[in-house]
Amino acid sequence: MIRSSSLAGSLLVASLAVSQPDSGADLVLRNGIILKMDDSRHTAEAIAIDGERIVAVGSSADIERWIGPVTRVIDLARKSVIPGLNETHIHVRDLGFQQHYAVNLEEALSIEDVQRMLRLRLEELQAAGKLGGWHYPSTGETGPWLFGL
């Protein structure tokens, strides 16, 4: 019995040594709440990621050995991480709307930019005969960015 458990222990140590790269992981997230979604100990404190693979999950002290000279380390300040969660819900109605009617405001740096971009899009839609609308419940709030459109 002692012999088989020391063999198993040696194999475990050898597999850990092989799986840890010399340069460390690409990314370490520590001091957080890592949701593991498994049957034992549902959360951990840190995670090491190398390439596109999660290579280790455990306490911040456990993951310390995965930090190399080029590893990006992020202190999560007790924020949560859910590995592998991809938000996939869509509103099918909005697919065509976004492609044909919506305004991409990523480049807007000011309220004036938003107003200008919306004004231009409204003019394009009106010229194409595609300008429409619907009633949408409002909280009654108004903002200065709405004026002048």
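The values are calculated or read from the model by the stated rules, or taken from the named source; none is laboratory data. Owing to the predicted nature of the structure, the values given are computational and were not obtained by experimental measurement. Cβ sites come from the backbone with ideal geometry, for glycine too, and all protein chains shown count toward neighbours. Note: areas computed on protein heavy atoms with side chains; ligands, DNA, RNA excluded. Shrake-Rupley method; radii C 1.70, N 1.55, O 1.52, S 1.80 Å.
Only residues of the stretch 88-110 count here: report those whose backbone N is under 18 Å from the spot 7 Å along Cα→Cβ of residue 126, or say none. Residues passing the 18 Å test: 101-103. Ligands, DNA and RNA aside, residue 88 has an accessible area near 110 Å² when probed at 1.4 Å.
Taken along the Cα-to-beta-carbon direction at a fixed 7 Å, the label points for residue 86 and residue 35 span 1.8 nm. For trypsin sites (Lys or Arg not before Pro), the sites in the stretch 51-91 that DSSP calls loop and that have at most 15 other Cβ atoms within 10 Å are 78, 79. With K and R counted +1 and D and E -1, the other residues having a Cβ less than 12 Å from that of residue 35 yield a net charge of +1.
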